[in-house]
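*Asks:* Below: one structure in structure tokens.
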Number of protein chains: 6
Amino acid sequence: MPVAEIHLIEGYSDTEKTRLGRAVTDAIRFVVPAAPEAITVMLHERKPGQYMRGGTHRSPAPALPDPALIVRQYLDAMEARDLDAARAFLADGFTMTFPGAAPMTTLDALIAWSKPRYAFVRKSYDGTEAFQGAEGAVVYTRGTLSGEWPDGTAFEGIRFIDRFEVTGGKITRQDVWNDIAEVKEHP
Amino acid sequence: MPVAEIHLIEGYSDTEKTRLGRAVTDAIRFVVPAAPEAITVMLHERKPGQYMRGGTHRSPAPALPDPALIVRQYLDAMEARDLDAARAFLADGFTMTFPGAAPMTTLDALIAWSKPRYAFVRKSYDGTEAFQGAEGAVVYTRGTLSGEWPDGTAFEGIRFIDRFEVTGGKITRQDVWNDIAEVKEHP
Amino acid sequence: MPVAEIHLIEGYSDTEKTRLGRAVTDAIRFVVPAAPEAITVMLHERKPGQYMRGGTHRSPAPALPDPALIVRQYLDAMEARDLDAARAFLADGFTMTFPGAAPMTTLDALIAWSKPRYAFVRKSYDGTEAFQGAEGAVVYTRGTLSGEWPDGTAFEGIRFIDRFEVTGGKITRQDVWNDIAEVKEHP
Amino acid sequence: MPVAEIHLIEGYSDTEKTRLGRAVTDAIRFVVPAAPEAITVMLHERKPGQYMRGGTHRSPAPALPDPALIVRQYLDAMEARDLDAARAFLADGFTMTFPGAAPMTTLDALIAWSKPRYAFVRKSYDGTEAFQGAEGAVVYTRGTLSGEWPDGTAFEGIRFIDRFEVTGGKITRQDVWNDIAEVKEHP
Amino acid sequence: MPVAEIHLIEGYSDTEKTRLGRAVTDAIRFVVPAAPEAITVMLHERKPGQYMRGGTHRSPAPALPDPALIVRQYLDAMEARDLDAARAFLADGFTMTFPGAAPMTTLDALIAWSKPRYAFVRKSYDGTEAFQGAEGAVVYTRGTLSGEWPDGTAFEGIRFIDRFEVTGGKITRQDVWNDIAEVKEHP
Amino acid sequence: MPVAEIHLIEGYSDTEKTRLGRAVTDAIRFVVPAAPEAITVMLHERKPGQYMRGGTHRSPAPALPDPALIVRQYLDAMEARDLDAARAFLADGFTMTFPGAAPMTTLDALIAWSKPRYAFVRKSYDGTEAFQGAEGAVVYTRGTLSGEWPDGTAFEGIRFIDRFEVTGGKITRQDVWNDIAEVKEHP
């Protein structure tokens, strides 16, 4: 206990059902302090002919993609400076906010802004967390940055955290915090 | 569709059931792009005499408190410099990490560390997000800082984000990122 | 088999739940030729705090009144020539169609139209049937008419059938068929 | 809400399940004034090996045929004067009652009775309604008649309503009301 | 897993529901080798107004009494030679079979038969098992006998087993096996 | 009523599901005096991807074999003196207790013990009952013995009852009671 029964239209993949089952398990654990072993989730899949709303059969909407995966692929593409690939993950109206910068809306603006700040940067991840927000999905990823300053000296171990909003499989917003200024000030 | 039925032992308050229902609704929305209006959650509450696991009746464990509320009360107590109240929210083994500082384990250490950095600081919140993590609950809260530097000049609008881990109703970990160094460097 | 489980918000009276259970039983019998004894209906009533749609608790809408009862009360009021009482059962936009008459919209028009046809009429009922139609409820009631012709001679045993549409507890339409003309032609 | 779960033995066609789902939806709408969009019906089909009553597995009884379809096919056959086809829809013990006639039990009697009344008649349908009655299914169909009187003059727009009882896929009773006498009296 | 949901009419005591829950748990364990901890039983109690079979509400039949308790009370009354009390547990048509005796139908016959065999006997129980048989409940109880032979010498540790059939709360049949003859032959 | 829904992981054979359904039906009949016809059992089988405990999918454990069948096969092998076949049904630590004998742990000991008692023995069965006990399954089988004494004279109609404990498909314990001594004493 608790036991959750989820009735949904047939048509989701095993991976999608696993994601759903885990999200529901976590939702229960968020409120009820049951041992995970005691939380049961059962999916009842209905064929379209076995389900009606308002007297009308329905088709299943395609599952939302895993937002944590989308964010990671975007960040990997950025790190590889594959801007076309990265851009494909962004929604119309995307905005991003970096420490000490006004909000930017294009990757080109980001590249231009970062040039005087560091030659390149790589992310090492300590954790990624994704969940449903008020509008769409929210993804947090945190860890440390390494790379080179414009003068060619290396840096590493600088803490960062990024927050993403993902709607309909596209990133609509990125907010970035890190200790780069702190490190530059007190190297 | 989907329709979720949650069977749980009777004994949770309406507020706790609302939290559970919303968490389950969000868990479904995280994977299935159904209109919120189409997501139904039904709670079936069983009296202890109506429920058995392994042939034994069970009692409901008290619900976990709302971790977002715990974090907010802790931050309010810190802002009011009511260290005793703040301390009551912390678990044994609590650690906190601030920009440019080694991890600290006591509020006194934090106070000492912050003294040369700012006279006082107030948080204005843009958003708080709480969800179940791998171990316990995770709370993110973000917004802007205002306050006074040690020299008495005021500051405001400095972005921050705090990440908390909450287990069994107590805060076990706090990680802080903000733009204070950025602002000091480029005021 | 079949077994029907109906989940609804708590707040309906025992009479209303009986009406619901019988309607569902009949719906099943309409398609599946199970012995009535083998058709089980179970109502699961959820308190508002045990039910959410779209993350929001809901209140139960008051049950629709029994349309067969409304029709019968209307017909009884008409028979007693209590026009005020009868009028209270009619919706705005009510229309009625009688054999050989253009559609009428007021009870006064009906009274005027019937005066040369019969002095008074009484209904004896053989059967009443009510069910959900495309828009609202539909009620059929049939039986025989007795009364007096304008010349004071009595009549009886004249077949009739009335069809009513009832929406939101008010009668929106009445259609009448009977053998009065047949009887007058071939007394 | 409400949410209906119907458990039945596997073996019904999609069309039969749609009929069942709609009948249950209408049964709920008959009592609970929910928006159709908010009424969910879920069918859980059990294979014979997944279902037992009294410790014995059961086989599904064939679904009852759609009584509205049976009635319409019978009326079409009558209109085409295909008496053999029409007769196939009638149960043993079938009786029919027409305005001004004693109950009849054979189509031949009906033909003989109608000969002096009209040369032929065609039905134009305004509506057909079918539902479960106390014993079997009940079908109402209404609209207008057109055709020719015995003297060769045409008529049209004469209101009619037929009531049928259908048990085990056969028509057991037909009751007819119409305005033919009214029209003849006041042409 | 498995999870059992039992829907029953409200009106059973907590003790009766516990008996039911344990019997269902054991029924599952009899076929599925799940750890007891993983077997969940949930009772859904319906008020009479929430349940219909064949369109008719039903009342709960009183629970059957615990047959193991009935048997034990009967055996205790016999041991105390309280024949009136013992007789109250017996159904009409009760028969009992003891080693080396023709079937008997009255307690008086039993007393007469046992007189030359032992002065008195006491049962020490090693185990009692009760379950549903083909007709009614079946109870087995086994252990050892102690007492005195007619000559006044004591005996003890003689194995016995009794089988009872209990229908409608009354004992209909008792079959007894023991090692009394074995012990007498090879003391 | 009652209606039992059993949710289990897909993977059990029809025979195993029938055994489960009957055991659950009997468990209900043991407490609730419903007519068998009124007791409905529905199995909901979940594919591994449709079921999670603790956020982890599970595989079904193989069903336990029918203990009554195991016991019967063991007794048949013993009667045929096929000791290898009989031994295959016994668990490590098997013990058996016969009238007038100390507990034995091997079939060879049993054969040696029985030799002076009877030349051979055959069982005629009146009834076999199997159910879940505290630890494993329990099987009772009873009836009459026939055979030959060591001196070649025949016997028959001697009552017996055997009790078996079966765990994990192997017999762990056999307890035997019969009237052999009674018959020898009072032939």
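*Asks:* Can you give the average number of partner chain beta-carbon atoms within 10 Å of each beta-carbon in peptide C:123-134, as a whole number?
*Replies:* 4
*Asks:* As an exercise, find the ratio Rg/Rh for region C:3-57 from alpha-carbon atoms, using the Kirkwood inverse-distance average for Rh.
*Replies:* 1.07
*Asks:* What's the FRET efficiency of residue A:134 with residue F:10 using the Cβ-Cβ distance as r and R₀ = 30 Å, to the nearest 0.05?
*Replies:* Given R0 = 30 Å and the Cβ-Cβ separation, E is 0.20.
*Asks:* Let's test this: bin the Cα-Cα distances of region C:78-119 at 5 Å from zero up to the farthest pair and state each bin's percent.
*Replies:* 5, 20, 32, 26, 14, 2
*Asks:* For the protein assembly as shown, how big is Rg over Rh, using alpha carbon atoms and the Kirkwood form of Rh?
*Replies:* Computed over Cα atoms, the ratio is 1.10.
*Asks:* Taking the Cα centre as origin and putting +1 on Lys and Arg beta-carbons and -1 on Asp and Glu beta-carbons, what dipole magnitude results for region B:90-187, to the nearest 20 debye?
*Replies:* That gives region B:90-187 a dipole magnitude of about 100 debye.
*Asks:* So which residue, out of B:144, B:97, B:18, gets the largest mean-square fluctuation from a GNM of chain B using Cα contacts under 10 Å as springs?
*Replies:* B:18
*Asks:* With point charges of +1 on the Cβ of Lys and Arg and -1 on the Cβ of Asp and Glu, referenced to the Cα centre of chain F, which listed residue (F:78, F:164, F:133) lies farthest in the positive direction of the dipole?
*Replies:* After comparing all options, I get F:133.
*Asks:* Ranked from highest to lowest mean number of other Cβ atoms within 10 Å per residue, what is the order of the peptides B:67-75, E:151-159?
*Replies:* B:67-75, E:151-159
*Asks:* Magnitude of the Cβ-charge dipole of the protein assembly as shown, K/R +1 and D/E -1, about the Cα centre, nearest 20 debye?
*Replies:* 20 debye
*Asks:* Suppose only helical runs count, i.e. DSSP H with n ≥ 4. What mean residue ellipticity at 222 nm does that imply for the protein assembly as shown under -39500 (n - 2.57) per run, divided by all residues and rounded to the nearest 500 deg cm²/dmol?
*Replies:* Taken over the protein assembly as shown, the calculation gives -7500 deg cm²/dmol.
*Asks:* Which net charge results for the neighbourhood of residue A:1, defined as the other residues with beta-carbon distances under 14 angstrom from its beta-carbon, given Lys and Arg at +1 and Asp and Glu at -1?
*Replies:* Summing Lys and Arg as +1 and Asp and Glu as -1 gives -1.
*Asks:* Taking each residue in B:53-65, count the Cβ atoms of any other chain within 10 Å of its Cβ, then average. What number comes out?
*Replies:* 6
*Asks:* Under the definition of Cα pairs under 8 Å and six or more residues apart, what whole-number percent is the relative contact order of region C:3-57?
*Replies:* Relative contact order here is 54 percent.
*Asks:* Here's something else I'd like to know. Defining a contact as two alpha carbons under 8 Å apart and six or more residues distant in sequence, what relative contact order in percent does chain E show?
*Replies:* Relative contact order for chain E comes out at 17 percent.
*Asks:* Report the one residue of D:27, D:49, D:13 whose Cα lies farthest in the direction of the positive end of the charge dipole of region D:3-57 (charges on C-beta: Lys and Arg +1, Asp and Glu -1; origin at the Cα centre).
*Replies:* My answer, from the dipole projection, is D:49.
*Asks:* What does DSSP give for region C:3-57 in terms of the percent of beta bridges that are antiparallel, rounded to the nearest 5?
*Replies:* In region C:3-57, approximately 20 percent of DSSP beta bridges are antiparallel ones.
*Asks:* Among residues other than residue E:60 whose Cβ falls under 14 Å from its Cβ, what is the net charge (Lys/Arg +1, Asp/Glu -1)?
*Replies:* Charge balance near residue E:60 sits at +2.
*Asks:* Averaged over peptide A:158-168, how many Cβ atoms belonging to another chain are found within 10 Å of each residue's Cβ?
*Replies:* Counting Cβ atoms of other protein chains within 10 Å of each residue's Cβ and averaging gives 2.
*Asks:* Using all C-alpha to C-alpha distances in chain B, build P(r) with 10 Å bins and read off the rounded percent in each one.
*Replies:* For chain B, the binned pair fractions read 8, 28, 28, 18, 12, 4, 1 percent.
*Asks:* Expressed as a whole number of Å, what is the distance separating the alpha-carbon centroids of region C:23-56 and region D:43-63?
*Replies:* 19 Å
*Asks:* Follow-up. Give me the dipole magnitude in Debye, nearest 20, for chain D about the Cα centre, with unit charges on the beta carbon: positive for Lys and Arg, negative for Asp and Glu.
*Replies:* Charge dipole, chain D, about its Cα centre: 480 debye, nearest 20.
*Asks:* Another one. Suppose you put the label 7 Å out from Cα in the Cβ direction; list, shortest first and in nm with one decimal, how far residue E:114 is from each other copy's label.
*Replies:* In nanometres, ordered from closest: 3.2, 8.4, 8.5, 8.6, 9.4.
*Asks:* Here is the link list: C:170/D:123; A:47/D:170; D:47/E:17; A:17/C:47; D:47/E:170; D:17/F:47. Which ones come out longer than 27 Å on Cα distance?
*Replies:* Among C:170/D:123; A:47/D:170; D:47/E:17; A:17/C:47; D:47/E:170; D:17/F:47, the Cα-Cα distance tops 27 Å for C:170/D:123; A:47/D:170; D:47/E:17; A:17/C:47; D:47/E:170.
*Asks:* Gap in Å between the Cα centre of region C:150-186 and the Cα centre of region F:150-187?
*Replies:* Here the answer is 85 Å between Cα centres.
Values in this text are rule-based calculations from the coordinates and carry no lab data. Computed from a prediction, not measured in an experiment: that's the story for all the values here. Cβ: placed from backbone, ideal geometry, glycine included. Neighbour counts: every protein chain shown.
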